Number of protein chains: 2
Amino acid sequence: MGRCDSLAAFTEEPGRITRPYGTPSLAAARDTVARWMRDAGMDVRVDAIGNLRGRIEGSDRPAPALLLGSHLDSVRDAGRYDGPLGILVAIEAVARLRARQQSLPFPIEVLAFADEEGLRFQTTYLGSCALAGAFDPAFLELTDGDDVTLREAMAGFGNPHALADAVLRPNEAFAYVEAHIEQGPYLESVDLPVGVVTGISGQSRILASFKGVAGHAGTVAMDLRRDPLPAAAEIVLSAENLARQTPGLLATVGTIDATPGASNVIAGQVRFSLDVRHPDDAVRNDAVRGLERQTREIAAARALGVEWRVAREHPAVHCDAPLTSRLAEAVSAAGLPVELLPSGAGHDAVVMSEAVPVAMLFVRCGEGVSHHPAESVTTNDVAVAIDVLDEFISALTDERRQ
Amino acid sequence: MGRCDSLAAFTEEPGRITRPYGTPSLAAARDTVARWMRDAGMDVRVDAIGNLRGRIEGSDRPAPALLLGSHLDSVRDAGRYDGPLGILVAIEAVARLRARQQSLPFPIEVLAFADEEGLRFQTTYLGSCALAGAFDPAFLELTDGDDVTLREAMAGFGNPHALADAVLRPNEAFAYVEAHIEQGPYLESVDLPVGVVTGISGQSRILASFKGVAGHAGTVAMDLRRDPLPAAAEIVLSAENLARQTPGLLATVGTIDATPGASNVIAGQVRFSLDVRHPDDAVRNDAVRGLERQTREIAAARALGVEWRVAREHPAVHCDAPLTSRLAEAVSAAGLPVELLPSGAGHDAVVMSEAVPVAMLFVRCGEGVSHHPAESVTTNDVAVAIDVLDEFISALTDERRQ
């Protein structure tokens, strides 16, 4: 818990936690986590995209590794547990193994991913994409709000020329297991410290825009306007209505930007994001298609230009059944009932599942709040998570040794 | 025209014209205009808020002055004529009087106002407010996007301690006459280079916000959300509908800002501006009251916090009848039919009317475009405007000498 508090000090915005990819604050947080990894006996390196990888070798060499971890970047004005908790719980579990000199038949690597939230380049999971071989070289030309490319941001933070080296080799790992705060209210409602994740909802992230004609707010008659903002307003409300009417569907417009952006100027362009999620890919795809059709119809009716770009799309992910059973057994071994639940939020495990089997452990958080400074966990719940992860690794160790 | 082009180079944003109050680019533009004023024989000074005042004395001393001019600041990504043209036309008219050694019974001052658009502090007409005695000392504590106060911005640009000295004294001036691009398509539609303004629509500028609860876009169920963005979308559409249904009413949401502002985070707060204008104050006031009521109803229905602040309110202004007749006679003397038209846009003349009688001359602009890089005027139309202003001053000179 103290380490989570320490990491909160690394931010681009004094007074709140904002730690996007490739920034000085993320690099400083990474240095601190590297020190903690070394203290736990790990060898530490930084990969091409800037992920931190702490490794402890097993007795059998070479053998596929157990990967643990989560992400170190944050959203804007974030809480202190979303991401870092999963890294620190893993480091602590490794430290315990070392403290009792438990022999390991396989290596363990703790990963601190450099970008999961996608705050800076509006593309999530850049860190795990680099490992999972899902990094599209076109991403290098993505630009942030200051027209800095990802390639440029990566140059001072990782090594854009070594991306091929970051990709997991065949048999480099046999599993990726991530602990993460639930970011929802379910575990609190059933009064349990941890839960085992069955799978992760599919997600579409769309970046859309309407383009009209800027003009003077006092001189252009209403019927002559080609104002993109009311068009965007129609889509904001359509997305909300559709999600309210479709069980399990979540649709969110989280960013909206009108340019030139002055109170006495009719906007010339409005850009906005749209995030759509559902556990059933077919339902999500229907929703996205419907909203795209409406967006284009609204543009046509209002004589506006339109862009609709699917920036990232992840099908629903099912956690690996054998790994998930082991995790459930570790929860039982801690004397707790096993609660299985789906994840509405995306996680690095989504992308890692393209390369290795994955499992996830959720930790209860206060009032389901996340992506907000009020994010909270209890010391007791975090201790349970460490116990469960420790037990899970020990059981795997016994199993592999047989 | 060359001078308008020169001034376009002074900007805070390379590649486009953005010249807000108190910035280095506005100070540099002011230095250049000061040089042109001196070339035209004027004594030049900068007042407390940073307005530039170029003065040529009359033969009768002391006598109230004729004030001419417009504003030197700009919106974001502006054109090159909105504001500067009125200053440069006035300087040229004075240069012609000097060139033919015309004796003046009254002084002439050409004013280059430091803030009309309100881009930086979201409060329009700061420059003319300082002259007209309408500057509210509370304005000094307004902050820009970087939390710099107006007082701080003024310190390096004018003198916040001398604001009382900037106010026009009784009998310091007898009229304010402003030339400005029309910023609308009317003069083009009647194929005339200039028009005489009868009055200026009243304007309300509102800064509003909805406050909800930020949350994770993947974990908070739709029925548990308190998302302020759909609430703002409802108001954007209400304002558009009301204005479309009310003849002569203009309503514009030009800025909208969702925080924290990430695609996977439900917004916690949305701030937006609302600009409402109508030539009839009663109609405008009804519209503003109706939209405020709707805003509060939407907030209540969605369990959101709400703020509604009228940042600036100007009643409709009627131009001075005798001055406007003289201006119309000057148009006739130039061999042109007199076209009388109202102004939908606000101008420094709005605030100056609180201190002295005002009149305005509109210059045709291409396709009614303004507040946009495509803003255009023709050399011929500008020449007509200078002729008309010259003739207007000469006629006033004759009249005053009688």
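Put A:Val148, B:Val89 in order of accessible area, largest first, 1.4 Å probe: what do you get?
Result, largest first: A:Val148, B:Val89.
Between A:Arg98 and A:Thr379, with labels modelled 7 Å along Cα→Cβ, what's the label distance in nm to one decimal, could you check?
2.3
For the protein assembly as shown, what is the charge dipole size about the Cα centre, in debye to the nearest 20, if Lys and Arg each add +1 at the Cβ and Asp and Glu each add -1 at the Cβ?
On the way: 72 positive and 110 negative charges, 68 e Å.
Dipole size: approximately 320 debye.
Taking each pair of distinct Cα atoms in segment A:202-314 once, what is the resulting Kirkwood hydrodynamic radius in Å? Mind dumping the intermediate values first?
Details: mean 1/r = 0.0691 Å⁻¹.
Computed over segment A:202-314, the radius equals 14.5 Å.
Out of segment B:302-368, which GluC sites (Glu not before Pro) are coil in DSSP terms and have no more than 16 other C-beta atoms within 10 Å? Before the final figure, lay out each step's value.
Values: sites: B:Glu307, B:Glu313, B:Glu329, B:Glu339, B:Glu354, B:Glu367; in loops: B:Glu339, B:Glu354.
Passing sites in segment B:302-368 are B:Glu354.
In nm, what does the list of distances from A:Ala164 to its counterparts in the other copies look like, shortest first, when each label sits 7 Å along Cα to Cβ?
7.7
Which of B:Pro322, A:Met42, A:Ser376 sits farthest toward the positive end of the charge dipole of the protein assembly as shown, with +1 on the Cβ of Lys and Arg and -1 on the Cβ of Asp and Glu?
Highest projection toward the positive end goes to A:Met42.
Angle, helix B:281-301 long axis vs. longest principal axis of chain B, Cα atoms, 0 to 90°, nearest 10?
20
Shortest first and in nm to one decimal, what separations exist between A:Pro62 and its copies in the other chains, measuring from label points 7 Å along the Cα-to-beta-carbon line?
The projected label point of A:Pro62 is separated from its counterparts by 9.3 nm.
Can you list residues from other chains, or at least 5 along the same chain, whose modelled amide H is less than 5 Å from the amide H of B:Thr198?
It is B:Leu341, B:Ser343, by chain and number.
Please work out how much accessible surface B:Phe139 shows to a 1.4 Å probe, ignoring ligands, DNA and RNA, in Å² rounded to 10.
20
What is the set of long-range amide H partners of A:Cys365 at a cut-off below 5 Å, with H atoms built 1.01 Å from backbone N?
Placed amide hydrogens put A:Glu182, A:Gln183, A:Gly184, A:Glu188 under 5 Å from A:Cys365.
How big is the antiparallel share of DSSP beta bridges in chain A, given as a percent to the nearest 5?
Numbers: 45 of 64 bridges.
Around 70 percent antiparallel, to the nearest 5.
Going from most exposed to least, what order do B:Glu178, A:Glu292 have by accessible area with a 1.4 Å probe? Numbers along the way, then the final one.
On the way: B:Glu178 0, A:Glu292 55 Å².
My answer, sorted largest first, is A:Glu292, B:Glu178.
Please give the Cα centre distance for segment B:168-220 versus segment A:383-402, rounded to the nearest Å.
A separation of 68 Å, based on Cα centres.
Go through segment B:244-256 residue by residue and turn each phi into a ³J(HN,Hα) via Karplus (6.51, -1.76, 1.60, θ = phi - 60°); whole Hz please, and just put x for glycine and proline.
So the Karplus estimates, Gly and Pro as x, are 5, 8, 10, x, x, 7, 10, 9, 9, 9, x, 10, 8 Hz.
Can you run phi through the Karplus equation (6.51, -1.76, 1.60; θ = phi - 60°) for segment A:354-360 and list ³J(HN,Hα) in whole Hz, with x for Gly and Pro?
With the stated coefficients, segment A:354-360 comes to 6, 10, 9, x, 10, 9, 9 Hz.
Most mobile of A:Asp31, A:Asp73, A:Asp348 per a Gaussian network model of chain A (Cα springs, under 10 Å)?
The residue that fluctuates most here is A:Asp31.
Which one, B:Thr219, B:Asn285, B:Val253, projects farthest toward the positive side of the charge dipole computed for segment B:202-314 from Cβ point charges (K/R +1, D/E -1)?
B:Thr219
Report the relative contact order of segment B:202-314, percent, no decimals, based on alpha-carbon pairs under 8 angstrom and at least 6 residues apart.
Working: 218 pairs, mean separation 51.2, N = 113.
It comes to 45 percent, rounded to a whole number.
Run the 1.4 Å probe and let me know the accessible area of A:Val213, rounded to the nearest 10 Å².
Here the residue's solvent-accessible area equals roughly 70 Å².
If you line up the long axis of helix B:84-99 against the longest principal axis of chain B, both from Cα atoms, how many degrees apart are they, to the nearest 10?
10
With chain B rotated onto chain A, spot the residue of B whose Cβ lies nearest the axis and note the distance in whole Å.
B:Ala233, 2
What average number of partner chain Cβ atoms lie no more than 10 Å from the Cβ of the residues making up B:267-273?
Working: counts 5, 3, 0, 1, 0, 4, 7.
Partner Cβ neighbours, averaged per residue: 3.
If the only charges are +1 at each Lys and Arg Cβ and -1 at each Asp and Glu Cβ, what is the size of the charge dipole of segment A:265-402 around the Cα centre, to the nearest 20 debye? Write down the numbers at each step before the final one.
Numbers: 13 positive and 21 negative charges, 159 e Å.
With Lys and Arg at +1 and Asp and Glu at -1, about 760 debye.
Quick one: Karplus J couplings for segment A:2-17, per residue in order, coefficients 6.51, -1.76, 1.60, θ = phi - 60°, nearest Hz, x for Gly and Pro?
So the Karplus estimates, Gly and Pro as x, are x, 5, 4, 5, 4, 5, 4, 6, 8, 8, 8, 10, x, x, 8, 8 Hz.
Would you mind checking which residues have amide H under 5 Å from A:Glu178's amide H? H placed 1.01 Å from N; only 5 or more apart, or other chain.
When sequence neighbours closer than 5 places are left aside, the close amide H contacts are A:Ala359, A:Met360, A:Leu361.
For the Cα atoms of chain A, what angle does the longest principal axis make with the long axis of helix A:379-401, in degrees from 0 to 90, nearest 10?
Around 60 degrees separate the two axes.
Nearest 500 deg cm²/dmol is fine: what mean residue ellipticity at 222 nm does chain B get from its DSSP H runs of n ≥ 4 alone, each adding -39,500 (n - 2.57), divided by its residue count? Intermediate values should be presented prior to the final figure.
Numbers: 12 runs with 139 residues, N = 402.
Here the helix-only value at 222 nm equals -10500 deg cm²/dmol.
Rounded to whole Å, give me the distance from the Cα center of segment A:73-89 to that of segment B:91-105.
Measuring centre to centre over Cα atoms gives 70 Å.
Once the Cβ-Cβ distance between A:His161 and A:Glu307 is put in as r, and R0 is 41 Å, what FRET efficiency do you end up with, to the nearest 0.05?
In this case the efficiency is close to 0.80.
For chain A, set up a GNM with springs between Cα atoms under 10 Å and report which of A:Ala232, A:Ala345, A:Ala301 has the largest fluctuation.
A:Ala301
The values are calculated or read from the model by the stated rules, or taken from the named source; none is laboratory data. No experiment lies behind these values; they were computed from the predicted model shown. Counting neighbours? That spans all protein chains shown, and the Cβs are built from the backbone with ideal geometry, glycine included. To get the accessible areas, we keep the full protein, side chains included, count just its heavy atoms, and leave off ligands, DNA and RNA. Shrake-Rupley method; radii C 1.70, N 1.55, O 1.52, S 1.80 Å.
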